[in-house]
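The values are calculated or read from the model by the stated rules, or taken from the named source; none is laboratory data. Please read these numbers as outputs of a predicted model, since none were measured by experiment. So basically every Cβ, Gly included, is an ideal-geometry build from the backbone, and we count neighbours across all protein chains shown. Side chains included, ligands, DNA and RNA excluded: accessible areas come from the protein's heavy atoms. Shrake-Rupley method; radii C 1.70, N 1.55, O 1.52, S 1.80 Å.
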Amino acid sequence: MLTAEDLEFLRRPLHGFLTVADGPVRPVWFEAAADGTVQLFTPSDSPKVRKLNGDPHASIVVAAPVGERERWVSVAGRVTVEPGGAHELAARLAGRYWDLEDPAHAGELAGIQTLELVRLVIHPEKVGRYSM
């Protein structure tokens, strides 16, 4: 359901805005995986996980930054909470969003790696897009 153009856009270091049932919108790091899913990580005891246990659906919207032509992609679908791969995903995303040569960012990543993390995987059921 995600096009090659969508994947190219989603592989940029942009913030996504995640919504789960009965939850606020949250900015998140994410990864568009080769299998067409969208993945992110979170602590296993986060409110997102609790809400997804009640209703396993979410959506993420990713928009182009200020200064670029208007463009966005939205992905909505069923979410699975996966116990494996979250720490590896966190490390990949930290390297994508931060300069890990910076001691402050390296320290932040080290702190994240001490948490009990899970991987949230959005399986697209509906994809929307807009581009000027």
Checklist outcome for this item: Those residues of the stretch 39-96 which are over 22 Å from PRO13 (Cβ atoms), among the hydroxyl-bearing types (Ser, Thr, Tyr) and part of a strand (DSSP E or B) amount to THR80
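Of all residues in the stretch 12-26 being assigned to a loop (DSSP other than H, G, I, E, B) and free of Cβ contacts under 8 Å to residues at least 40 places away in the same chain, which is most open to solvent (accessible area, probe 1.4 Å)? First the steps, then the outcome.
If we filter the stretch 12-26 for residues that are assigned to a loop (DSSP other than H, G, I, E, B), which is where we start, we get 12-15, 21-25.
Retained after the next criterion (residues that are free of Cβ contacts under 8 Å to residues at least 40 places away in the same chain): 12, 21-25.
Values: ARG12: 75, ALA21: 31, ASP22: 148, GLY23: 23, PRO24: 72, VAL25: 86 Å².
Ranking the qualifying residues of the stretch 12-26, first place goes to ASP22.
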Checklist outcome for this item: Of the residues in the stretch 67-81 that are open to solvent by less than 40 Å² (accessible area, probe 1.4 Å) and aliphatic (A, V, I, L, M), the one that is nearest to LEU40 (Cα to Cα) is VAL79
Checklist entry - Going through the stretch 101-132 one residue at a time, which ones are surrounded by 14 or more Cβ atoms within 10 Å (Cβ to Cβ) and assigned to a loop (DSSP other than H, G, I, E, B)? => result LEU115
Checklist entry - List the pairs whose first member sits in the stretch 33-46 and is closer than 12 Å to ALA58 by Cβ, whose second member is at pLDDT 95 or above and of a type in the set (Asp, Glu), and whose Cβ atoms are under 6 Å apart, counting only residues at least 6 apart or on separate chains? => result GLN39/GLU31
Item to check | Counted residues, the stretch 82-100 - those being more than 14 Å from the chain's Cα centre (by Cα), open to solvent by 50 Å² or more (accessible area, probe 1.4 Å) and of a type outside the set (D, E, K, R) | outcome: 3
